Amino acid sequence: MHDIRLRMTLLPTLIFVVLALALAITDGDLWWGDQLYRLEGGSWALRGAWITNDLIHDRGRNLVSLMTLTLLLAIGLSFSLEKFRSWRRPLLYLLCSALISAAIVGLLKDTTGMDCPWDLDRYGGDKAYVSLLGTRPEGQEPGRCFPAGHASGAYCWLGLFFLALRYRPSWRYGVLAAVVALGLTFGVAQQLRGAHFVSHDLWTVYICWMSAALCYYWVFRLER
């Protein structure tokens, strides 16, 4: 059990730290942002495009809302129907891990003050670029773009991987691949729109993974 906990928490933390440092040292966010901006013709041409904005952003948000409502309905049924009662704990775990992930991401968005790429003078906006630990120029209003909120709507479901690991081990990698694929779809679309840098998504993945892992170990510890 302890070996599994170490693999599920320390290894992801090590990978996250290495990638975060690499992006910071190499200015990877700006490099990738430059490539996307150049490919779109020196503007965020996909900011209002149907596929990135209407389909992936707006309807993607509706999909997450539908998933959340379905989960809440299932939890309600677990209190009223005997055959669903055994699923109450795993369903409540999934809800808690998702809500905690979203809450942490939202709190950081409110406190870090980082800007979206489309707000920066480097990309046609009116603000100077400020790194996560940088000092904001006097008079420059704080942004609300870090970590990536839209991607968290997908990655907050990483708890499904831990439920699969517990109840259907043969499904675990398929479930993980599905959640990551949705997260990448949301994240890349937002990068193409100029809404986020790569590091914004990296932090979101890590927050959601650790929330899912730590909630899992806490919730199911109570069974013993």
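Select from region 197-222 the residues that are aliphatic (A, V, I, L, M) and more than 13 Å from PHE146 (Cβ to Cβ) and write down the one among them that is surrounded by the fewest Cβ atoms within 10 Å (Cβ to Cβ). The residue in question is LEU222. Please work out which residue is farthest from LEU30 (Cα to Cα), limiting yourself to region 106-160 and to residues that are among the aliphatic types (A, V, I, L, M) and touching a helix residue (DSSP H, G or I) at 6+ places or on another chain (Cβ under 7 Å). Among them, the one singled out is LEU160.
In region 92-143, of all residues being of a type in the set (Lys, Arg) and buried (at least 17 other Cβ atoms within 10 Å of the Cβ), the one that is farthest from ALA74 (Cα to Cα) corresponds to LYS127.
Yes/no per residue for (1) under 20 Å from VAL179 (Cβ atoms); (2) part of a loop (DSSP other than H, G, I, E, B):
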site: LEU46; (1), (2): no, yes
site: ARG61; (1), (2): yes, no
site: ARG89; (1), (2): no, no
site: LEU92; (1), (2): yes, no
site: ALA102; (1), (2): yes, no
site: VAL130; (1), (2): no, yes
site: ARG136; (1), (2): no, yes
site: GLY139; (1), (2): no, yes
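When region 186-199 is filtered for residues that are under 22 Å from THR68 (Cβ atoms) and either under 11 Å from the mean Cα position of the chain (by Cα) or of a type in the set (D, E, K, R) (or both), the ones remaining, listed by number, are PHE186, GLY187. So which residues in region 122-143 are of a type in the set (A, V, I, L, M) and free of Cβ contacts under 8 Å to residues at least 12 places away in the same chain, if there are any at all? Scanning region 122-143 gives a single hit, LEU133.
For region 200-215, the set of residues classified as aliphatic (A, V, I, L, M) and within 9 Å of the chain's Cα centre (by Cα) consists of LEU202, VAL205, ILE207, listed by residue number.
No lab work stands behind these numbers, since they all come straight from the coordinates. No experiment lies behind these values; they were computed from the predicted model shown. Methodologically, a virtual Cβ is constructed for each residue, glycine included, from the backbone with ideal geometry; neighbour enumeration extends over all protein chains shown.
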